[in-house]
Amino acid sequence: MDIDRRDLAKKAIEAMEYSYSPYSNFTVGVALLGKSGKVYSGCNVENAAYSPTNCGERTAFFKAVSEGETEFKGIAIAGKSRDQKEIQDFCSPCGVCRQVMAEFCSPEEFKIILVKNEQELQEYLLKDLLPLGFTKDQISI
Ligand code: THU
C-alpha cells in the first residue's frame, strides 16, 4: 500500500488547529502514517519557559510510540503563522525532529511531505534531509 499523500496533507493542515503556540504564533500540524496504516496527528506545544516546547513532528512520533507503533511510512508537515489565512511557505522539520525520525525510520524509505495545500506538496526521503545522521548502529551496547 502506497501513501495517500493528499489525505495525509489534509490531516496535517487540520492538525494545525490544535497548535498551542501563544509565544511564536507559528502553528504546526503533522500527520504521521504508521506501517499499521494508522495516522497519528501532532501539533507544536509551546511553553512559557520556551525550551520545553515540543515540535509537531515529535508530538506525533511520541504519541505513536507510546501507543505501540514504532515503524512508519511517512509524515506530512504543515505550518503557518496564526494570522495568515493560507500557508505561505513549506515548513521543513527542525534538526531535532529529523534525529527523532532517524531513530525509527528508514533513511531510504521514509517520506517527508511538506505541505502548502492538498495539491502543492514537496517530498523528500529522510536520507535527503539528514545525510550522515547519527544512528543506534553506531553505538555498541
Ligand atoms: N516547529 C515545529 O513544530 N516544527 C518544525 O519543524 C519547526 C518549528 C515549532 C516550534 C515552535 O513552537 C514554533 O514552530 C516556532 O519555532
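Yes/no matrix, rows are residues, columns are (1) surrounded by fewer than 15 Cβ atoms within 10 Å (Cβ to Cβ); (2) closer than 24 Å to ARG6 by Cβ; (3) without any contact (Cβ under 8 Å) to a residue 24 or more places away in the chain:
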residue	(1), (2), (3)
VAL96	yes, no, no
GLU103	yes, no, no
PRO107	no, no, no
TYR124	no, yes, yes
PRO131	yes, no, yes
LYS136	yes, no, no
**Q.** Matching residues, region 32-79, being touching a helix residue (DSSP H, G or I) at 6+ places or on another chain (Cβ under 8 Å), more than 13 Å from the ligand (Cβ to nearest atom) and part of a strand (DSSP E or B)
**A.** LEU33, GLY34, VAL39, TYR40, PHE72, GLY74
Q: Test each condition in (1) under 22 Å from ASP2 (Cβ atoms); (2) within 16 Å of the ligand (Cβ to nearest atom); (3) open to solvent by 50 Å² or more (accessible area, probe 1.4 Å); (4) among the β-branched types (Val, Ile, Thr) for VAL115 and report the one that comes out false.
A: (3)
Q | In region 1-28, the residues that are under 13 Å from LYS63 (Cβ atoms) and touching a helix residue (DSSP H, G or I) at 6+ places or on another chain (Cβ under 8 Å) | A | ALA15
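Residues checked against (1) touching a Phe, Trp or Tyr at 6+ places or on another chain (Cβ under 6 Å); (2) over 16 Å from LEU8 (Cα atoms):
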{"site": "ASN47", "(1), (2)": "no, yes"}
{"site": "PRO52", "(1), (2)": "no, yes"}
{"site": "GLY68", "(1), (2)": "no, yes"}
{"site": "GLU71", "(1), (2)": "no, yes"}
{"site": "SER81", "(1), (2)": "yes, yes"}
{"site": "VAL96", "(1), (2)": "no, yes"}
{"site": "TYR124", "(1), (2)": "no, no"}
{"site": "LYS136", "(1), (2)": "no, yes"}
Q.
Is it the case, given these coordinates, that ILE87 is more than 14 Å from the ligand (Cβ to nearest atom), in a loop (DSSP other than H, G, I, E, B) and in contact (Cβ under 8 Å) with a residue 40 or more places away in the chain?
A. no
Q: Please specify each residue of region 1-24 satisfying the condition of being more than 8 Å from the ligand (Cβ to nearest atom), over 20 Å from LEU114 (Cβ atoms) and not in a strand (DSSP E or B).
A: MET1, PRO22
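The values are calculated or read from the model by the stated rules, or taken from the named source; none is laboratory data. Please read these numbers as outputs of a predicted model, since none were measured by experiment. We place every Cβ from the backbone using ideal geometry, glycine too, and count neighbours over all the protein chains shown. Side chains included, ligands, DNA and RNA excluded: accessible areas come from the protein's heavy atoms. Shrake-Rupley method; radii C 1.70, N 1.55, O 1.52, S 1.80 Å.
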